Amino acid sequence: MSHDGRNIDPQIGALLGEGAQQRVEHHDAPPHGGYPEGDAPEGTYYGVPALKEPVWKWYVPAYFYVGGVAGASAAAGAAALLLDRRGMRHLWHPARYVAAGGAVVSAALLIADLGRPARFVNMLRVFRPSSPMNMGSWLLSAFGACAAAALLPGRLGDAGAVGAGIFGVPLTSYTGVLLAGTAVPIWQGARRSLPVLFSASGAAAAASLFDLLPARDRGAVAMHRIGTVAKAAELALSAALELEAARAPRVAIPLRGGASGLLWRASQLCTAASLALSLGKRRRISGVLGTLGSLALRFALLAAGRRSARDPRAAFGQQRAQELEPRKADPLTAHAEAHP
């Protein structure tokens, strides 16, 4: 038995993974009136953080990036295979390797976060559509199986590529759903924009990667055009995310200052510069800047989530803003209130 007071076999209950790094900080709330006149944090419980700060390391936003690239590449490769197999060979053929490699790297990063491979397998013991983490595990597993089958020759490989493309589309956005489903104010406040932003950013990141390849056939041209549209959409959606989060003004502060705000602006600048260079046919430099912009976006959102969780005013302010929003009553309720 372990000697940490849990009475659990250490071979089974070893504290591994990022969740084991969580520590309970003791915030002793002062007695009523313990703050000097005017110094009490207004609208909070004595200024004590209402949430635990995320403990994710770098490989979680890296997993978000790799999964987005792999899923978008598989979707583009499947479309090229179905629409113009001969003319777009230099798109659908390398897309298979990008998808398969991305599936392997994504699984490795996710397992590193969980601490041991068995925990990933355990998530597949149930099928729960209401859980983004559970659905993400199934999506990644199905995507990886199809991406591996796509490397086989002949029709079986083509069928696997199409399957990887089908599962790749939700793979690009489910990580945004995963963040939006938490109680972290900035992620929860941007719950409508996050999934769509992650999809657009995944497509832009995949196109940036293909811009670094030497092939210049019809497939490369098509992927470059997709990237141009995706980068413009990413910029528009990042602005929409800021506006959505700012419905409770304090929630959007992490995107406007500090290290998280610097990363956020760097992401937007890199993506904007990549978009401008892509229009000017400077593909290599555009690909590098697009890759940096997609990476910075995910690291910025993680840093913003940490800062947002530490701010008790953001959590309480967001809750009050939601309570003040007009509720949409159904017709029967509205009729009953109008005719008591």
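Structure values in brief
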| read-out | value |
| --- | --- |
| Test for Pro117: is it modelled with pLDDT of 65 or more and either touching a helix residue (DSSP H, G or I) at 6+ places or on another chain (Cβ under 9 Å) or within 25 Å of Ser201 (Cα to Cα) (or both) | yes |
| Selection within region 277-308 - more than 17 Å from Tyr59 (Cα to Cα) and either of a type in the set (Ser, Thr, Tyr) or at pLDDT below 90 (or both) | Ser278, Leu279, Gly280, Lys281, Arg282, Arg283, Arg284, Ser286, Ser308 |
| Val105 vs. criteria under 23 Å from the mean Cα position of the chain (by Cα), modelled with pLDDT of 90 or more and β-branched (Val, Ile, Thr) | yes |
| Where Ala206 falls short, out of the listed (1) within 27 Å of Ser141 (Cα to Cα); (2) surrounded by fewer than 24 Cβ atoms within 10 Å (Cβ to Cβ); (3) touching a Ser or Thr at 6+ places or on another chain (Cβ under 9 Å) | (2) |
| Residues (more than 21 Å from the chain's Cα centre (by Cα) and crowded, with 20+ Cβ neighbours inside 10 Å) located in region 221-237 | Ala222, Met223 |
| Single match in Met135, Met88 (criterion: crowded, with 17+ Cβ neighbours inside 10 Å and either in contact with a Leu (Cβ under 8 Å, 6 or more places away or on another chain) or in contact (Cβ under 8 Å) with a residue 40 or more places away in the chain (or both)) | Met88 |
| In region 236-251, the residues that are under 25 Å from Ala309 (Cα atoms), in a helix (DSSP H, G or I) and out of contact with any Gly (no Cβ under 7 Å at 6 or more places or on another chain) | Leu237, Ser238, Ala239, Ala240, Leu241, Glu242, Leu243, Pro249 |
| Some residue of region 74-82 being closer than 13 Å to Gly219 by Cα, free of Cβ contacts under 8 Å to residues at least 24 places away in the same chain, out of contact with any helix residue (DSSP H, G or I) (no Cβ under 6 Å at 6 or more places or on another chain) and surrounded by fewer than 22 Cβ atoms within 10 Å (Cβ to Cβ) | no |
| Among the candidates Ala164, Ala148, residue that is touching a residue at least 60 places away in the same chain (Cβ under 8 Å), farther than 15 Å from Ser199 by Cβ and not polar (S, T, N, Q) | Ala164 |
| Subset of region 91-103 [in contact with a Leu (Cβ under 8 Å, 6 or more places away or on another chain) and within 15 Å of Val66 (Cβ to Cβ)] | Tyr97, Val98, Ala100, Ala103 |
| Filtered residues of region 189-199 (kept if farther than 18 Å from Gly136 by Cα and crowded, with 22+ Cβ neighbours inside 10 Å) | Gly189, Ala190 |
| Hey, Leu156 touching a helix residue (DSSP H, G or I) at 6+ places or on another chain (Cβ under 9 Å), of a type in the set (A, V, I, L, M) and either within 20 Å of Leu235 (Cβ to Cβ) or buried (at least 16 other Cβ atoms within 10 Å of the Cβ) (or both) or not | no |
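Residue-wise test of (1) among the basic types (Lys, Arg); (2) in a helix (DSSP H, G or I); (3) within 19 Å of Ala206 (Cα to Cα).
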site	(1), (2), (3)
Ala74	no, yes, yes
Tyr97	no, yes, yes
Val105	no, yes, yes
Leu124	no, yes, no
Phe127	no, no, no
Leu140	no, yes, yes
Arg155	yes, yes, no
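Here's the yes/no breakdown for (1) crowded, with 21+ Cβ neighbours inside 10 Å; (2) over 16 Å from the mean Cα position of the chain (by Cα):
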{"position": "Ala259", "(1), (2)": "no, yes"}
{"position": "Trp264", "(1), (2)": "yes, no"}
{"position": "Leu269", "(1), (2)": "no, yes"}
{"position": "Leu275", "(1), (2)": "yes, yes"}
{"position": "Gly280", "(1), (2)": "no, yes"}
{"position": "Gly287", "(1), (2)": "yes, yes"}
{"position": "Gly293", "(1), (2)": "yes, no"}
{"position": "Ala296", "(1), (2)": "yes, no"}
{"position": "Phe299", "(1), (2)": "yes, no"}
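The values are calculated or read from the model by the stated rules, or taken from the named source; none is laboratory data. Here the structure is a predicted model, which is why all the values come from computation and not from measurement. All Cβ positions, glycine included, derive from the backbone under ideal geometry; neighbour counts span all protein chains shown.
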